[in-house]
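The values are calculated or read from the model by the stated rules, or taken from the named source; none is laboratory data. Since this is a predicted model, take the numbers as computed values, not measurements. Methodologically, a virtual Cβ is constructed for each residue, glycine included, from the backbone with ideal geometry; neighbour enumeration extends over all protein chains shown. What goes into the accessible areas is simple: the full protein's heavy atoms, side chains included, and nothing from ligands, DNA or RNA. Shrake-Rupley method; radii C 1.70, N 1.55, O 1.52, S 1.80 Å.
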Amino acid sequence: MSRRLNRQMVGSLAACVHCGMCTESCHYVLSNPGDPTYAPAYKADRIRKIFKRHFDWTGRVFPWWVGARSVFTDEELEELKDIAFGKCTNCRRCSINCPMGVDFAVLNRMARGLLVSVGIMPEGVAVVSKDQWEIGNQMGVLKEEYLETLEWMSEELCEELGDPTAAIPVDKMDADVVYSINPREVKYDPRTISDAAKIFHLAGESWTMPSEGWDMTNFGLFSGDDELGGAVARRLYEKVIELRGKKLVISECGHGYRSTRCEGPNWAKFDVPFEMESSVLTMLRYVRQGRIMLDRSRNKLPVTFHDSCNNARSCGLFEEPRELLRLAVTDFREMYPNRAENYCCTGGGGAMSMSEYTPRRLKSAKVKADQLAATGAKIVVTSCHNCVDGLTDLIRHYKLGMEVTQLVNLVSNALVVPAMVRVPEAVEVEAPALSLQGYRILVVDDEPDILVFYSALLQDNGAAVIKALDGETALELARKEKPHLITLDLSMPGTDGGQVFEKLRRDPELAGIPVCIITGKPELRRLIYDRPVNPPEGYLDKPVDEETLLRNVRKILRVN
Ligand code: SF4
Ligand code: SF4
């Protein structure tokens, strides 16, 4: 214990005033009313008594007075094991509700680590830790099995897209992105690998997957074994360096993200020389930059979002998954409470590997089941493989009739694949004088198919096209790229075309850029002409055919 004590730990061990404000934060308490042994402060005191006995002067002098006591017997070790592994998922919900700043999850992880160091742990924890030490990943996936899965996913993707260049690159040197995954994806959910590959391919990313050291999960977080945590994280960092990768992208996994990006550098004492990010941010960036386009009407069922404790409470990833979700589905419903106050999936902290506690885990999942049911959603989305398993199990147990999926699956399903879109035949440019070569045109439309149609037409006629699916992105790109012309849809979610138009006109740097309004809602015309700014240079009612669009663009740009 002395080696594990630091300021955060000692603060949490010493600061509890037993006010009980954390009690109702815990899903174990809420689902087991009347049982005080689940209260976070009670559980923490089982660990605290050892600290008091050995490190606190009051416990050394008056142990009977302050309840200080060491652990002597097998029964006492078993009791500690039952609390540390079986009565807490290290979700940290109580931690954020403690006015004294007591982080019980940190204490609990430390207690787990101490128990593991003397060989006391659930069998599942021992097996998984051994696999991660010896085979290099926590599910014992062999290298051949992993590579075969990548090959299989690669073949299917090339076939689906009719494009042999869509194959998954393995061990490519100097890639901009090295993509690491959870072994669960290889073993039980390879679709998430091909979905991610499809997104990288359509975004035109320079990416690769490593042939070894690819597991971004880390059982050291759950077992409390910092040595294992450091060894696993170091393996991945060294592989990225060997491949000279510029950025490590971590697939959707809460504990993998927290271990690799936040805790790993400390455990491994490693100065990581490259950027690391969650694939949620990567996908969102691709959409914002117009590198991929989504048609959210392909995901119509009502969807809710479960914040993984590690992603949200511990790493602050709250808004980005929601922003991406809103772009990928039509019916998103929040569950309450959410973000930092969300309840654990009840499978966290490695609970899914500890089968001896399954009945207790499922009973404690009652509060989560009620929370899910209240949304009325048919699909639960979560950015964590552990949560996928935890939620699937409780949904089955409580017969909720919901499906669990991840953002990567929904984004992949909503992808507008250019080959599948009706792209017009290239228009013959009759004379060089009519070519739009040398002109930069910003096309703004929230309907991906229309965006692709206009862009392809303008590109075929020589223009350089920049695309934006929403008003804010349009303004950002206009400031950055200073296009020669902007074609602007009016009806868009968020900042609508009318607001974009006025902002453009009121900005001295952008006011001179010609704008051609293209709208399917003639009733919105006054949104433009009633504004106290100069009118647009062009105005077209949808549907707009190829000839009309080209004629008007040429007219505004004076290409004739
Ligand atoms: S809220 Fe904090 S101080 Fe109060 S009982 Fe819980 S851990 Fe102790
Ligand atoms: S960390 Fe989570 S599971 Fe553990 S005591 Fe606190 S609220 Fe309960």
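When the accessible area of the chain is split by element with a 1.4 Å probe, what percent falls to carbon and sulfur?
In the chain, the share of accessible area belonging to carbon and sulfur is 51 percent.
Sort Tyr188, Tyr257, Tyr398 from largest to smallest accessible area, using a 1.4 Å probe on the heavy atoms of the protein chains.
Largest accessible area first, the residues go Tyr188, Tyr398, Tyr257.
Between the DSSP loop rule and a limit of at most 13 other Cβ atoms within 10 Å, which GluC sites (Glu not before Pro) in the range 294-401 are left? Intermediate results must be reported in sequence, preceding the final value.
Working: sites: Glu319, Glu323, Glu334, Glu341, Glu356; in loops: Glu334.
Sparse-neighbourhood loop GluC sites (Glu not before Pro): Glu334.
Could you please put Met100, Met21, Met209 in sequence from largest to smallest accessible area, using a 1.4 Å probe? Intermediate values should be presented prior to the final figure.
Values: Met100 90, Met21 120, Met209 0 Å².
Result of the area sort, largest leading: Met21, Met100, Met209.
Which value, in Å to one decimal place, does the Kirkwood hydrodynamic radius take for the chain when every pair of different Cα atoms is included? Before the final figure, lay out the partial values.
Values: mean 1/r = 0.0382 Å⁻¹.
The answer is 26.2 Å.
Only bridges whose two residues both fall in the chain count here: according to DSSP, what percent of them are antiparallel, nearest 5?
Counting only bridges with both partners in the chain, antiparallel ones make up about 5 percent.
Can you tell me the dipole magnitude for the range 1-67 around its Cα centre, using point charges on the Cβ only (Lys, Arg +1; Asp, Glu -1), in Debye to the nearest 20?
Roughly 460 debye, rounded to the nearest 20.
Rounded to two decimal places and with Rh computed the Kirkwood way over Cα pairs, what is Rg over Rh for the range 289-380?
Here the Rg-to-Rh quotient is 1.03.
Volume per residue, Å³, of the convex hull around the alpha-carbon atoms of the range 442-495?
Convex hull volume per residue, Cα atoms: 61 Å³.
Mind checking which of Phe200, Val178, Ala167 is farthest towards the positive end of the range 153-204's charge dipole, using Cβ charges of +1 (Lys, Arg) and -1 (Asp, Glu) about the Cα centre?
Result: Val178, furthest along the dipole toward the positive end.
Where in the range 480-553 are there trypsin sites (Lys or Arg not before Pro) that are in a DSSP coil and have at most 12 other Cβ atoms within 10 angstrom of their Cβ? Write out the running numbers ahead of the final one.
Working: sites: Lys480, Lys503, Arg505, Arg506, Arg525, Arg526, Arg551; in loops: none.
Answer by residue number: there is no such site.
With only Lys, Arg, Asp and Glu charged, each at its Cβ (+1 for the first two, -1 for the last two), find how big the charge dipole of the chain is about the Cα centre; round to the nearest 20 debye.
Values: 70 positive and 79 negative charges, 465 e Å.
Once rounded to the nearest 20, the dipole reads 2240 debye.
What is the magnitude of the charge dipole of the range 494-560 about its Cα centre, with +1 placed on the Cβ of each Lys and Arg, -1 on the Cβ of each Asp and Glu, and no other charges, expressed in debye to the nearest 20?
Using only the charged Cβ atoms, the result is roughly 160 debye.
Hey, what's the Cα Rg ratio for the range 95-153 versus the globular rule of thumb, 2.2 N^0.38 Å?
Ratio of Rg to 2.2 N^0.38 Å for the range 95-153: 1.70.
Can you list the trypsin sites (Lys or Arg not before Pro) in the range 287-318 that are in a DSSP coil and have 16 or fewer other beta carbons within 10 angstrom?
For trypsin sites (Lys or Arg not before Pro) across the range 287-318 that sit outside H, G, I, E and B with at most 16 neighbouring Cβ atoms in 10 Å, the list reads Arg291, Lys300.
Over the C-alpha atoms of the range 115-237, what are the Rg and the largest Cα-to-Cα span, Dmax, in Å?
Rg then Dmax for the range 115-237, in Å: 16.2, 56.
What figure in square angstrom, to the nearest 10, would you give for the accessible area of Ile513 with a 1.4 Å probe?
Roll a 1.4 Å probe over it and Ile513 shows about 10 Å².
Suppose all protein chains stay in the model; what accessible area per residue would a 1.4 Å probe give for the range 265-411, in Å²?
37 Å²
Go ahead and estimate [θ] at 222 nm for the chain from helices alone: -39,500 (n - 2.57) per DSSP H run with n ≥ 4, summed, over the residue count, rounded to 500. Let's see the in-between values first.
Working: 28 runs with 257 residues, N = 560.
Value at 222 nm, helices only, nearest 500: -13000 deg cm²/dmol.
Quick one: of Lys246/Lys480; Lys368/Lys399; Lys198/Lys542; Lys87/Lys363; Lys172/Lys239, which pairs are farther than 22 Å apart, Cα to Cα?
With Cα atoms farther than 22 Å apart: Lys246/Lys480; Lys198/Lys542.
Once the range 204-291 is represented by equal point scatterers at the alpha-carbon sites, with solvent omitted, what log10 I(q)/I(0) does the Debye formula produce at q = 0.13, 0.16 Å⁻¹?
-0.41, -0.61
Evaluate E = 1/(1 + (r/R0)^6) for Arg396 and Lys542, where r is the Cβ-Cβ distance and R0 equals 35 Å; express this FRET efficiency to the nearest 0.05.
After rounding, the FRET efficiency stands at 0.15.
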